[in-house]
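Take a look at the structure set out below.
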Amino acid sequence: MTHAVHSKSNEALWETDRAHALHPWTNFGPFEEKGALVISRGEGCYLWDAEGRKYFDAVGGLWCTNIGLGRREMADAIADQAMKLGFSNTFVDMTNDPSARLAGKIAEIAPGDLNRVMFTTGGSTAIDTAVRMVAYYQHARGYPQKTDVVARDYSYHGSTYLAQSVGKRPGDRVEEFRYKTEGIHHLSCPNPYRRPAHLSEAEFCDDLIAEFEALIARVGADRIGGFIAEPIQASGGIIIPPEGYLKRMWEICQRHEILFIADEVVTGFGRLGHWFAALDEFGVQPDVICSAKGLTSGYQPLGAMILSDRVWDVMAEGGNRWFTAGFTYSGHPVACAAALKNIEIMEREDLLAHVREIGPYFQRRLGELEALPLVGNVRGRGLMLCVENVADKTTKAVLPDEANESKRISDLAEEMGLMVRPMGHLNVMSPPLIVTKDEIDFVAETLEKAIRKVIDGLVREGYRIG
Ligand code: PLP
């Protein structure tokens with residue numbers, strides 16, 4: 001991306017950022033050379049940069065601008081709450097109107113007996129709290145040793161020390177950082193596209209289940225307290241597990257009294273056409289759901305750990321026990337007011353039904369890209385999807401990293417007014433839930449043009465594709 005900066009004021013902004021900001025996931029070399037694209041305005045599914053260029057944001061912010069940007073009622077709800085009560089803490093025995101009402105609303109829309117809500121500052125802090133809560137809960141049950149957690153390779157659960165230790169995307173594990181390893185176990189990623197060639201999808205699923213059972217046998221059910229899973233692994237590459245996998249993993253958890261924590265930071269709030277996906281898409285009733293992102297559609301930072309009554313009852317048993325976790329901004333009244341308005345809009349516009357209707361069109365239309373020689377696999381569900389680029393469709397071998405094809409594709413798409421997210425050999429999309437068929441056509445057509453151009457360039461440079 002060239003990030004052309006034309007006017008003086010924009011150049012000053014770009015330079016100030018380049019000189020002073022450390023961005024999440026900064027890649028130092030390219031950042032010092034090219035800086036960052038300055039975004040100045042957003043409306044619906046569209047963004048405008050500081051130069052006034054318009055983009056269709058197929059990234060959806062970062063899996064989060066679910067109701068779309070620039071909603072007057074969201075701005076009003078946020079402003080009204082900021083005037084009425086800009087802050088009040090929710091520690092110990094304090095609360096505020098929006099926080100109390102939002103907890104009640106979440107209990108209403110969450111599956112089964114998930115009726116207890118702890119607010120956090122975002123997804124990572126919800127995960128961090130949930131992982132700590134596993135030990136708390138098991139200790140309260142009389143199993144103080146049952147504190148280990150099990151997660152999967154290629155999972156992404158956030159960026160606190162604990163959340164990133166539980167997650168395990170290879171690219172995130174840089175040698176400069178340290179990660180907690182004690183008490184954290186990782187199972188194979190349930191990626192059907194990359195399964196061993198000699199296995200059917202059903203056999204692959206059996207192996208994954210056997211792997212979990214073997215781990216429990218090895219470590220001991222008396223030591224494993226929680227299992228954490230994104231129903232569809234998002235940042236790990238839109239991994240849709242084999243049929244029946246999640247349900248079987250859940251059944252194993254139930255058998256061994258292991259808490260099932262569904263990380264629905266991405267899959268919640270409509271991305272798959274439901275408030276939450278674990279039960280409605282996969283038939284799993286989790287003990288805990290972690291949520292963020294679509295909870296406010298990104299208008300305010302907010303996360304939530306949603307607990308079942310059963311878990312609460314164990315934690316609360318005996319009465320005089322303290323749950324020493326939480327944040328200054330837990331239950332922030334302005335963030336909770338934004339979430340309440342966001343949910344009201346989603347209900348009024350029936351956005352869940354819209355996603356259930358338009359999701360298959362999105363998948364089908366983008367799926368046509370599989371006809372291109374570079375595209376090995378297009379996979380997704382609802383309004384989350386990725387295009388996986390390969391050098392060879394039969395062997396599924398990828399291009400060498402220096403080919404940088406997914407970044408080239410996203411850069412070219414950006415020049416054509418479309419934002420998609422490059423991630424390893426993938427281009428990832430999660431558009432706002434209000435996306436229309438015409439806009440999906442635009443995404444598919446623009447992406448096709450970008451991919452074709454990149455193929456031409458790669459072939460000219462001597463790469464073999466196809
Ligand atoms: N869990 C999942 C599945 C995510 O995708 C993310 C962020 O992308 C997180 C947790 C962390 O959320 P946050 O960045 O709000 O801390």
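The values are calculated or read from the model by the stated rules, or taken from the named source; none is laboratory data. Since we're looking at a predicted model, the values are computed, not measured. Using ideal geometry, Cβ is built from the backbone for each residue, glycine included, and neighbour counts are taken over all protein chains shown. Each accessible area value is taken on the protein alone, full model and side chains, heavy atoms only, with ligands, DNA and RNA left out. Shrake-Rupley method; radii C 1.70, N 1.55, O 1.52, S 1.80 Å.
Here are the numbers:
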{"read-out": "Any helices (runs of 4 or more DSSP H) falling wholly within the stretch 1-98 and containing at least 1 residues that are away from the ligand (no atom under 16 Å from the Cβ)", "value": "8-20, 28-34, 72-84"}
{"read-out": "Residues (within 14 Å of the ligand (Cβ to nearest atom) and assigned to a loop (DSSP other than H, G, I, E, B)) located in the stretch 263-285", "value": "264, 265, 266, 267, 268, 269, 271, 272, 276"}
{"read-out": "Unmet requirement for residue 49, which otherwise passes all of (1) closer than 30 Å to residue 423 by Cα; (2) of a type in the set (Asp, Glu); (3) assigned by TED's automatic domain parsing to the domain that holds residue 305", "value": "(3)"}
{"read-out": "Whichever residue in the stretch 132-153 is within 16 Å of the ligand (Cβ to nearest atom) and open to solvent by 30 Å² or more (accessible area, probe 1.4 Å) and, among such residues, is nearest to residue 270 (Cα to Cα)", "value": "153"}
{"read-out": "Scope the stretch 93-111; condition in contact with a helix residue (DSSP H, G or I) (Cβ under 7 Å, 6 or more places away or on another chain) and either open to solvent by less than 30 Å² (accessible area, probe 1.4 Å) or at positive phi (or both); matching residues", "value": "96, 98, 99, 102, 111"}
{"read-out": "Complete set of residues in the stretch 298-324 that are open to solvent by less than 70 Å² (accessible area, probe 1.4 Å) and either in contact with a Phe, Trp or Tyr (Cβ under 8 Å, 6 or more places away or on another chain) or part of a strand (DSSP E or B) (or both)", "value": "302, 303, 304, 305, 306, 307, 311, 314, 315, 323"}
{"read-out": "Residue that is more than 16 Å from the ligand (Cβ to nearest atom), outside the structural domain of residue 60 (by TED's automatic domain parsing), assigned to a loop (DSSP other than H, G, I, E, B) and surrounded by fewer than 22 Cβ atoms within 10 Å (Cβ to Cβ), where the choices are 197, 202", "value": "197"}
{"read-out": "Top-ranked residue of the stretch 298-330 - restricted to ones that are touching a strand residue (DSSP E or B) at 6+ places or on another chain (Cβ under 6 Å) and among the aliphatic types (A, V, I, L, M), ranked as farthest from the ligand (Cβ to nearest atom)", "value": "307"}
{"read-out": "Residue that is closer than 18 Å to residue 315 by Cα, open to solvent by less than 60 Å² (accessible area, probe 1.4 Å) and within 12 Å of the ligand (Cβ to nearest atom), where the choices are 129, 120", "value": "129"}
{"read-out": "The stretch 216-248, residues that are open to solvent by 10 Å² or more (accessible area, probe 1.4 Å), more than 16 Å from the ligand (Cβ to nearest atom) and either outside any helix (DSSP H, G or I) or not β-branched (Val, Ile, Thr) (or both)", "value": "217, 218, 220, 221, 222, 223, 243, 244, 247, 248"}
{"read-out": "Among (1) aliphatic (A, V, I, L, M); (2) more than 24 Å from residue 359 (Cβ to Cβ); (3) surrounded by fewer than 24 Cβ atoms within 10 Å (Cβ to Cβ), the one test that residue 279 misses", "value": "(2)"}
{"read-out": "Wholly enclosed strands (runs of 3 or more DSSP E) of the stretch 364-464 bearing at least 1 residues open to solvent by 30 Å² or more (accessible area, probe 1.4 Å)", "value": "375-381, 421-423"}
{"read-out": "Unique residue being touching a Lys or Arg at 6+ places or on another chain (Cβ under 9 Å), of a type in the set (D, E, K, R) and in contact (Cβ under 8 Å) with a residue 12 or more places away in the chain when the list is 407, 396", "value": "396"}
{"read-out": "When residues of the stretch 339-359 are limited to those that are in contact (Cβ under 8 Å) with a residue 12 or more places away in the chain and among the basic types (Lys, Arg), the one least open to solvent (accessible area, probe 1.4 Å)", "value": "341"}
{"read-out": "The stretch 154-173, subset part of a loop (DSSP other than H, G, I, E, B), in contact (Cβ under 8 Å) with a residue 40 or more places away in the chain and over 15 Å from residue 122 (Cβ atoms), residue nearest to the ligand (Cβ to nearest atom)", "value": "155"}
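Results for (1) free of Cβ contacts under 8 Å to residues at least 12 places away in the same chain; (2) more than 30 Å from residue 353 (Cα to Cα); (3) open to solvent by 50 Å² or more (accessible area, probe 1.4 Å), shown as yes or no for each residue.
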| position | (1), (2), (3) |
| --- | --- |
| 26 | yes, yes, no |
| 29 | yes, yes, no |
| 42 | no, no, no |
| 48 | yes, no, no |
| 54 | no, no, yes |
| 68 | no, no, no |
